[in-house]
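Inspection log for the structure reproduced underneath, given as structure tokens.
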Amino acid sequence: MSGYHGRILDLNLSSGEMKEEKPEPTMLRHYIGGSGLGARLLMDNTDGDTDPLGPGNILIFATGPLTGSRVPTSGRHAVLGKSPLTGVWGESDVGGNWGTALKKAGYDALIIRGRAPHPVYIHLDEEGARIENADHLWGQDTFATEVLLKQEKGEGIEAACIGPAGEQQVLLASIMHDGRHSRAAGRTGLGAVMGSKNLKALSAEGQRSTPLAHPGELKKNLGEKVRGIRENLVFLSDYGTTGGIISLEETGDLPIKNWLQGKWPQVEALSGEKMAETMLKKKFFCGACPIGCGREIEYRSEKFGPIMGAGPEYETVSTLGSYCLVDDLEAVAAANELCNRYGMDTISTGAAVAFAIEAFQEGLIGVEETGGLHLDWGAGEAVVEMVRQIGEKKGLGALLGRGVRAAAAEIGPRAEEMALHVKGLELPAHDPRAFNSVGLSYATSNRGACHLAGMTHALEGSIPLPQLGYPEIPDRFGTGGKGQLVARMQDLMGLFDSLKLCKFLLFAGIEVGDSLNWCNLVTGWDLDQKEFLKAGERMFNLKRMYNVGCGISRKDDLLPPRVLTHPRGTGGAAHNLPRLGEMLREYYEYRGWDEMGLPTREKLEELELEYPWEQ
Amino acid sequence: MGTIRVEVELKGPLARLAGKEQLEYQVKSEALIRDLLGLIGQDFPALQRFLPGDEGEQYGRHRVLILQEGQPVKLDQKLFPGMRLKIMPPLTGG
Ligand code: SF4
């Protein structure tokens with residue numbers, strides 16, 4: 001079974017019972033690994049009635065067939081569960097080194113059920129898994145937790161853990177990896193699921209190598225490819241993910257002032273170049289990555305004291321910066337460090353703070369709610385304090401920590417238009433008014449507003465993908481053909497998430513051909529492009545079916561009114577508004593879904609998926 | 001064979017590395033964007049590693065973003081008199 005160890009560990013924290021399953025070869029060929037394999041496992045174990053924070057929810061950690069090989073950027077894994085933030089499909093794909101450690105311990109995936117009677121952590125190595133007491137870790141932030149775990153288990157382990165936010169089941173909580181390097185399974189609140197299980201951390205170590213079907217050929221192929229990847233992604237490597245922020249602002253893609261504004265010259269103050277000049281200590285890499293977009297920072301701020309750990313990524317400088325009109329990199333970096341230590345999704349947290357600032361400015365909340373804090377646009381110190389309140393589940397922070405959908409519902413109808421989310425997940429930092437396909441992608445992504453499920457801003461922004469059928473860059477303001485474009489990209493990105501490849505590879509020209517080739521060289525399969533892309537389509541439809549079981553249909557494939565009706569009037573996409581209805585119709589048709597957005601029986605049969613409405 | 005004048009604006013770190021933001025070039029009237037990038041690379045060696053070099057790279061998509069009136073251009077596109085290009089960091093984001 002090349003590419004896999006053939007071992008899925010199923011662990012029940014309520015009873016302490018553990019069993020191992022050997023995945024069927026057909027299942028692996030159908031769902032590949034990571035996100036796809038996790039989709040199958042989540043579908044088989046939970047449903048629309050599952051309480052996301054109850055013991056009946058499961059948490060899945062899944063590697064891909066490429067994890068543990070030398071295929072560039074493959075040191076990744078997926079985390080899945082039913083989301084407590086959205087109530088639907090929950091998934092987060094993450095880099096770092098923990099996924100590789102899980103694979104080296106000899107596991108392809110891990111299913112965690114039940115709820116431990118007291119705080120525990122799980123240690124995994126080649127001898128098996130052990131549940132250990134974590135009373136002494138409970139209450140520690142994510143940086144300290146990793147240090148303590150290494151003291152206990154040795155420097156060779158890799159750690160995944162939650163911080164105080166996850167322990168308190170803040171719905172924006174994430175699962176953090178690699179200590180100070182803070183690689184986050186950030187989105188959809190899976191840290192709260194981990195907290196609900198009294199599971200503080202997972203440590204993993206091992207030496208098992210991933211079996212490779214064609215090691216010689218793979219080695220030869222990688223030698224050529226890695227050089228090209230390094231050369232093409234030199235900017236990302238030199239300046240990190242924030243290196244491109246001025247271009248994103250120029251094209252109108254950067255959300256500004258809670259999505260109200262089209263231009264913001266102050267953006268340079270938050271750029272990767274600025275970070276390099278002021279705070280950068282060194283760059284860091286996820287497992288098997290030749291690029292190294294991670295920024296380790298070290299800085300002593302007069303206002304915020306020492307700032308350390310992973311520097312803010314593009315999404316973070318946007319949500320905690322431009323969303324809130326904060327052009328103070330120190331404030332953004334301090335708020336980012338708090339998110340990392342508490343273990344919170346910086347996208348949803350920053351979006352929640354921007355929402356609160358607007359609500360404050362419009363008089364919907366006042367100093368009574370904020371604990372005396374003046375939430376002004378651009379007030380960096382107030383943003384940092386608000387993040388602290390969310391992490392500690394205190395004051396207004398307790399409400400914001402339930403996400404903008406819930407917060408708006410509590411504050412009142414006028415707050416609804418300030419709460420930008422899809423299916424309860426806050427919008428990330430790519431504006432659908434700059435790239436029409438992004439709007440459709442947000443509306444249809446299974447976990448809610450997600451830029452990574454489709455990555456279509458890359459294609460509409462600058463990268464042709466000839467093997468996927470796009471030799472030219474499509475018109476970003478056009479509507480025709482976007483249904484097909486988004487569906488194809490979602491299917492391909494699902495495959496990246498299942499093989500476990502980083503999507504920045506797209507910017508180095510890595511698309512269908514290379515990912516398929518690596519899949520076959522590692523697993524020994526003979527997938528052709530059609531079967532490969534069909535696997536991506538299958539995963540996407542399976543996740544959709546999960547959501548259908550949670551009550552999702554056409555009525556939920558929406559965009560927030562602000563991005564549908566409010567042209568910003570300035571900037572690189574001053575007047576464009578995405579025509580969602582038109583694109584959605586074409587999308588459903590291309591996907592073989594009915595007008596309510598439900599996959600048809602024919603489509604499910606074609607994909608060899610079960611049709612659930614027989615009885 | 002005549003020549004034409006084109007303008008280039010460098011943004012962000014690219015401007016810092018070159019030591020200037022605005023460039024002007026007088027090029028052959030048949031010149032392509034690819035040729036212009038070659039000249040920029042010669043004049044500003046610090047920029048060389050960011051400029052697309054691979055013949056197969058249609059858009060120079062990978063290393064930098066090259067825009068004309070907000071739209072990405074192809075490397076084999078012909079320059080025209082008064083053309084103004086912006087060379088920017090790539091749109092990687094997060
Ligand atoms: S490019 Fe960045 S995010 Fe992607 S694998 Fe490499 S270090 Fe990780």
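The values are calculated or read from the model by the stated rules, or taken from the named source; none is laboratory data. Just so it is clear, the structure is predicted and the values come from calculations on it, not from any experiment. Using ideal geometry, Cβ is built from the backbone for each residue, glycine included, and neighbour counts are taken over all protein chains shown.
From the list A:Ala159, A:Ala185, A:Ala134, pick out the single residue that is more than 16 Å from the ligand (Cβ to nearest atom), in the same structural domain as A:Gly81 (by TED's automatic domain parsing) and within 30 Å of A:Leu425 (Cα to Cα). None of the other options fit; the residue is A:Ala159.
No other residue among A:Glu224, A:Glu249, A:Glu273 is among the charged types (D, E, K, R) and away from every other protein chain (no Cβ under 11 Å) apart from A:Glu224. Residues in the range A:295-313 that are small (Gly, Ala, Ser) and crowded, with 23+ Cβ neighbours inside 10 Å: 2 in all. Identification of strands (runs of 3 or more DSSP E) wholly contained in the range A:150-259 with 3 or more residues that are among the aliphatic types (A, V, I, L, M) yields A:199-204. The numbered conditions (1) under 20 Å from the mean Cα position of the chain (by Cα); (2) buried (at least 23 other Cβ atoms within 10 Å of the Cβ) are all true for A:Ile122 except (1). Could you pull out the residue among A:Pro23, A:Pro65, A:Pro55 that is away from the ligand (no atom under 16 Å from the Cβ), within 18 Å of A:Glu608 (Cβ to Cβ) and not assigned by TED's automatic domain parsing to the domain that holds A:Tyr546? Selected residue: A:Pro23, the only one of A:Pro23, A:Pro65, A:Pro55 that is away from the ligand (no atom under 16 Å from the Cβ), within 18 Å of A:Glu608 (Cβ to Cβ) and not assigned by TED's automatic domain parsing to the domain that holds A:Tyr546.
Note on the range A:183-198: residues that are of a type outside the set (Lys, Arg) and touching a Ser or Thr at 6+ places or on another chain (Cβ under 7 Å) total 7. Residues in the range A:563-575 that are closer than 19 Å to A:Glu417 by Cα and buried (at least 18 other Cβ atoms within 10 Å of the Cβ): 2 in all. Given the condition within 16 Å of the ligand (Cβ to nearest atom) and under 24 Å from A:Pro65 (Cβ atoms), answer yes or no: does some residue in the range A:216-224 qualify? Within the range A:216-224, one or more residues are within 16 Å of the ligand (Cβ to nearest atom) and under 24 Å from A:Pro65 (Cβ atoms). Of the helices (runs of 4 or more DSSP H) lying entirely inside the range A:476-556, those carrying at least 3 residues that are within 16 Å of the ligand (Cβ to nearest atom) are A:482-499, A:512-523. Restricting A:Ala449, A:Ala508 to residues that are buried (at least 24 other Cβ atoms within 10 Å of the Cβ), touching a residue at least 12 places away in the same chain (Cβ under 8 Å) and facing another protein chain (nearest Cβ under 10 Å) narrows the list to A:Ala508. Among the residues of the range B:62-81, just one is modelled with pLDDT of 90 or more and at the interface with chain A (Cβ under 7 Å from one of its Cβ atoms), namely B:Leu65. Tallying residues that are surrounded by fewer than 21 Cβ atoms within 10 Å (Cβ to Cβ) and touching a helix residue (DSSP H, G or I) at 6+ places or on another chain (Cβ under 6 Å) within the range B:77-94 yields 1.
None of A:Arg187, A:Arg208 is within 14 Å of chain B (Cβ to nearest Cβ) and charged (D, E, K, R) except A:Arg187.
The rows are residues; the columns are (1) away from the ligand (no atom under 16 Å from the Cβ); (2) farther than 21 Å from A:Tyr342 by Cα; (3) part of a loop (DSSP other than H, G, I, E, B); (4) not assigned by TED's automatic domain parsing to the domain that holds A:Gly252.
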residue	(1), (2), (3), (4)
A:Lys281	no, yes, no, no
A:Cys289	no, yes, yes, no
A:Gly292	no, yes, yes, no
A:Glu298	yes, no, no, no
A:Met308	yes, no, no, no
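For the condition within 14 Å of chain B (Cβ to nearest Cβ), more than 12 Å from the ligand (Cβ to nearest atom) and in a helix (DSSP H, G or I), what is the one hit in A:Glu315, A:Glu268? Among A:Glu315, A:Glu268, only A:Glu268 is within 14 Å of chain B (Cβ to nearest Cβ), more than 12 Å from the ligand (Cβ to nearest atom) and in a helix (DSSP H, G or I).
Taking (1) over 13 Å from A:Ala201 (Cα atoms); (2) in contact with a Pro (Cβ under 7 Å, 6 or more places away or on another chain) in turn, A:Lys103 satisfies each apart from (2).
Here's the yes/no breakdown for (1) within 16 Å of the ligand (Cβ to nearest atom); (2) under 30 Å from A:Glu231 (Cβ atoms):
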{"residue": "A:Arg29", "(1), (2)": "no, no"}
{"residue": "A:Ile32", "(1), (2)": "no, yes"}
{"residue": "A:Ser35", "(1), (2)": "yes, yes"}
{"residue": "A:Ile60", "(1), (2)": "no, no"}
{"residue": "A:Gly87", "(1), (2)": "no, no"}
{"residue": "A:Lys103", "(1), (2)": "yes, yes"}
{"residue": "A:Ala109", "(1), (2)": "no, no"}
{"residue": "A:Val120", "(1), (2)": "no, no"}
{"residue": "A:Arg130", "(1), (2)": "no, no"}
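In the set A:His430, A:His457, only one residue is under 30 Å from A:Phe360 (Cβ atoms) and within 13 Å of another protein chain (Cβ to nearest Cβ); that residue is A:His430.
Could you tell me whether any residue of the range A:601-614 is of a type in the set (Phe, Trp, Tyr) and at pLDDT 95 or above? No, the range A:601-614 contains no residue that is of a type in the set (Phe, Trp, Tyr) and at pLDDT 95 or above.
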